[in-house]
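Have a look at the structure below, then the notes.
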Amino acid sequence: MARIELNNIAHSYIANPRSDADYALRKMDHIWEDGHAYALLGPSGCGKTTLLNIISGLVKPSEGKVLFDGKDVSALLPQERNIAQVFQFPVIYDTMTVFDNLAFPLRNRNVPAAEIQERVKEVSEMLELDNVLHKRAANLSADAKQKISLGRGLVRSDVAAILFDEPLTVIDPHLKLMLRRKLKQIHTRFKLTMVYVTHDQLEALTFADQVVVMNEGQVLQIGSPQELFESPQHTFVGYFIGSPGMNFIPCQMDNGNARIANLKIHVGASSKNLKGDFELGIRPEFLKLRKKQENDTLPVTISEVEDMGTSKIVTVNLADHTLKVKVEENREITFDEGFLEFPPEWIRIYADGDLVETGMEKSPDTLELTE
Amino acid sequence: MAMVIENVTKLVGKDCHIQDISLQFEPGTFNILLGHTLSGKTSLMRLMAGLDRPTKGRILMNGKDLTGISVRKRDVAMVYQQFINYPSMTVYKNIASPLRLAKVAEKEIDHRVREVAEVLRIDALLDRFPNELSGGQQQRTAIARALVKDTELLLLDEPLVNLDYKLREELRIEMRDIFKRRQSIVVYATTEPLEALTLGGNTAVLYEGHLEQFGSTIDVYQSPQSTRIAQAFSDPAMNFVNGRIDSGTLRLGDTKPAPLQHHLQELAPGSYQFGMRPNHLHLQRTSPEDIEFQTTIDLAEISGSETYIHIIHNGHNWTVQQQGIHAYQMGKQIYAYIDPTQLYVFDLDGHRVVSPEHDSAELT
């Protein structure tokens, strides 16, 4: 397994790109650490597949270099890069048995027969293909064929990285869970460097220890699922991760408070130096809706209550702005006007889309407590 | 005046696609057909549209028998999973096409096309061709074409399934708001419980061609008549455990006996199946009455704002749904807890005995 370094990479499918919009992938620098599982997540057209293809060598970037363990591989073809790839649709030899399909990448590299036996056995057991090893691949179901594809990707122990491009798309929903679990187990056990492209939030966040969120050719945040949820670095990440997404309200910052119309929300001492126009972000899960006014609550009118079964989503208006609040399933909302509490530790402040301040978390008081 | 489906059966060769279904839909209502793939949702819609003819039974609209009448002569529009538009026509002409066929005056066509395009937020794209649009915009165009003619019946067959989740989330809410203002009978097929809950209205649960339950969406969710319905209408799936009631105590599997309370008090002694919703299973004790299970963590799956922890208890695979993102280690031993007031009770054949009371506490 290898450490993969992207050095000032950018890519445009147009010959002479002029503006940012001409780039499928805007300039980026990133190191994919050895043994980690990464997922590339974003809406269609965000550049995630371009990025994966640059790592694999299917696309030669118009700018920058790709290094594997410090060695420049930019000019190398995919087959010269020592990587394994799994695609959306099964890539297997129909006329071969399952065993021969799994053994193929090893035989190609003259791996000794005894080692082939051992690796194929291990991978086939992991993917529950061991009872069909001697069947011809042609006669198997679509799910089983895709499992063979996964197996072929996983069978070599000496690859620099395994790249997955939406590998579970053709898999039946109830089998998806089983395969997500397998991939997670395989990663935990073998510590392979894995890069996984998907537009499925559940797949990306479950699979990866680091998720790369992309939009319009730009990497907006690389972080753990928890970081993406709790501290989105960009308003797009807040919107894209989570259902419903994060609430954003334009505000003026002044002396540690966010002003929205004539209302004031206490953000925390650490935001004291912020002055002027910003956006305040807070997730629906962290807002607290109350019937009675308390300290630090703001008046809202309730425009809609949706019962989602496991919770209720309440739409409220705060000084002409609409916010969503998640409330427990067994809470009855019998009033039209209520009060909203913004817990300061969950308030995030954004300028031009970028995170500039994370509520009270970083305030001096809290830091002292944790030290 | 309503649409009535009367003892409708559809056989295709020896296969029974629809088995003796009776349903009534009122004008201005939103109705969901919920069920797994092949449960009969599309078959039922095709019968309602007049694309197929029932083997037995009748379909009536406003008291008039429509059974043998072809789709062309019916007042119906349909949206499919695939984004179906005329590739050689602009968005404008695509949306206008049903009105042109109906020989509506040009001025009226223009007014209605622009109005519906604005509602679906494709008014800036009217001069484009379908292949110049994203998937979401293509499906908005197909929906606009279905909406432009005020048909008395509007059928949508999993219209959002091919879109990515964020777009799905937005379009669901938009569609719900658009349909609220219409007098049509809207019928919407989906496999996703969350989609049914977001859209609201009424839900008919289908299973292998049978109608299992029909009622207001939230009532069906809160009081499923069978384990099958509970399964179809729970995402993640409901967790089940067998248990016994004996002389005033409850035992779930091999847990310690617990006193009978609340909705369980009237239950006769005997064996039952108990259902637990994933969001009611907790990994910390929440009340002294909680029943405790010893479990092993299998995998923690993470959606954007929730964590689904798959756990194993005596060979049963269960799921715990938690708000927020939390990390768990595979293979770790952990206790899971259920508050007995949240138990769904079914007999051993899977029929509902009693559901949790839904006494809501007012927000303070």
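Every number in this text was worked out from the coordinates using simple rules, so none of it is lab data. Predicted model, so just to flag it, every value in this text is computed and none were measured. No Cβ is skipped: glycine too gets one built from the backbone with ideal geometry, and neighbour counts run over all protein chains shown.
Which of A:Lys264/A:Lys288; A:Lys27/A:Lys65; B:Lys149/B:Lys180; B:Lys14/B:Lys73; B:Lys10/B:Lys64 have a Cα-Cα distance over 18 Å?
B:Lys14/B:Lys73; B:Lys10/B:Lys64
Using Cβ point charges alone (K and R +1, D and E -1), the dipole size of the stretch B:289-364 about the Cα centre works out to roughly 380 debye. At full extension, A:Ile14 and A:Asn82 could sit 21.6 nm farther apart than now, given 0.36 nm per residue minus the alpha carbon distance. Fully extending the segment from A:His30 to A:Ser141, taken as 0.36 nm per residue of separation minus the present Cα-Cα distance, adds 36.1 nm. Other protein chain C-beta atoms within 10 Å of residue C-beta, averaged over B:324-330: 4. Normalised by the number of residues in chain A, the average gap of Cα pairs under 8 Å and 6 or more apart makes the relative contact order 15 percent. Gyration tensor analysis over the Cα atoms of the stretch B:108-147 returns equivalent ellipsoid semi-axes of 16, 10, 8 Å (largest first, whole Å). Per-residue 3J(HN,Hα) values for the stretch B:310-325, derived from phi via the Karplus relation 6.51 cos²θ - 1.76 cosθ + 1.60 with θ = phi - 60°, read 7, 10, 10, 10, 6, x, 7, 9, 10, 10, 10, 9, 10, 6, x, 9 Hz in sequence order (x marks Gly and Pro).
Tell me, rounded to the nearest percent, the portion of alpha carbon pairs in the stretch A:4-235 spaced more than 30 Å apart. Roughly 26 percent, once rounded to a whole number. The charge dipole of the protein assembly as shown, taken about its Cα centre with unit charges on the Cβ of Lys, Arg, Asp and Glu (plus for the first two, minus for the last two), comes to roughly 2280 debye. Compute the angle between helix B:91-101 and the longest alpha-carbon principal axis of chain B, please, reported from 0 to 90 degrees and rounded to the nearest 10. Here the helix axis deviates by roughly 70 degrees. Going 7 Å from the Cα of A:Glu122 along its beta-carbon direction, which residues of the stretch A:65-95 have the amide nitrogen within less than 17 Å of the resulting point? Taking a point 7 Å out along Cα→Cβ of A:Glu122, the residues of the stretch A:65-95 whose backbone N falls under 17 Å are A:84.
With R₀ set to 56 Å, the beta-carbon distance separating B:Lys332 from B:Arg121 gives a calculated FRET efficiency near 0.75. When the charge dipole of the protein assembly as shown is built from unit charges on Cβ atoms (+1 for Lys and Arg, -1 for Asp and Glu) and taken about the Cα centre, the candidate among B:Ile325, A:Val325, B:Gly350 whose Cα reaches farthest toward its positive end is B:Gly350.
Expressed in Å, the radius of gyration and Dmax of the Cα atoms of the stretch B:78-180 are 12.8, 39. For chain B, a Gaussian network of Cα nodes joined below 10 Å ranks B:Gln213, B:Gln138, B:Gln24 by mean-square fluctuation, and the top entry is B:Gln24.
Taking Cα atoms only, the orientation of helix A:142-154 departs from the longest principal axis of chain A by about 80 degrees. Please build a GNM for chain B, connecting alpha carbons under 10 Å apart, and tell me which residue among B:Ile218, B:Ile229, B:Ile185 fluctuates the most. It is B:Ile218. Taking the Cα centre of the stretch A:248-370 as reference, the dipole from Cβ charges on Lys and Arg (+1) and Asp and Glu (-1) amounts to some 200 debye.
Taking a ≥ b ≥ c as the square roots of the eigenvalues of the Cα gyration tensor of the stretch B:10-88, is the shape rounded (a/c under 1.5), prolate (a/b larger than b/c) or oblate?
It is rounded, given that a/c, with a ≥ b ≥ c, falls under 1.5.
Would you work out if the protein assembly as shown is rounded, prolate or oblate? Take a ≥ b ≥ c from the square roots of the eigenvalues of the alpha-carbon gyration tensor; rounded if a/c is under 1.5, else prolate when a/b is larger than b/c, oblate otherwise. It is rounded, given that a/c, with a ≥ b ≥ c, falls under 1.5. Could you work out the relative contact order of the stretch B:221-280, using alpha carbon pairs under 8 angstrom and six or more residues apart, expressed as a whole percent? Averaging sequence separation for qualifying contacts and normalising by length gives 36 percent for the stretch B:221-280. Per residue of chain B, the DSSP helices (runs of n ≥ 4 H) give a summed -39500 (n - 2.57) that works out to -7000 deg cm²/dmol at 222 nm.
Compactness ratio for the stretch B:239-354: Cα radius of gyration over 2.2 N^0.38 Å (N = residue count) comes to 1.08.
When chain B is treated as a GNM with alpha-carbon contacts under 10 Å, the residue of B:Gly63, B:Gly13, B:Gly350 showing the greatest mean-square fluctuation is B:Gly13.
In the frame of its principal axes, the stretch A:248-370 has Cα extents of 40, 33, 27 Å, reported largest first.
Normalising by residue count, chain B has a Cα convex hull of 184 Å³ per residue. With 22 Å as the limit, the listed pairs A:Lys184/A:Lys326; A:Lys292/A:Lys326; A:Lys191/B:Lys166 have A:Lys184/A:Lys326; A:Lys191/B:Lys166 beyond it between alpha carbons.
Would you please state which residues of the stretch A:256-272 a label at A:Thr301 would reach in this model, taking the label point 7 Å out along Cα→Cβ and a backbone N cut-off of under 16 Å? Only A:262 pass the distance filter. Placing R0 at 45 angstrom, the Cβ-Cβ distance between B:Asn242 and B:Ala105 gives a FRET efficiency of 0.10 after rounding to 0.05. Both radii were evaluated on the Cα set of the stretch A:141-238; the Rg over Rh quotient, with Rh as the Kirkwood radius, amounts to 0.99.
List the GluC sites (Glu not before Pro) within the stretch A:229-303 that fall in a DSSP loop (any state other than H, G, I, E or B) and whose Cβ has at most 15 other Cβ atoms within 10 Å. Of the GluC sites (Glu not before Pro), the ones in loops of the stretch A:229-303 whose Cβ has at most 15 other Cβ atoms within 10 Å are A:Glu294.
With a 10 Å cut-off around each Cβ of B:292-305, the average count of Cβ atoms from other chains is 6. With respect to chain B, whose longest principal axis is taken over its alpha-carbon atoms, helix B:106-119 is tilted by about 20°.
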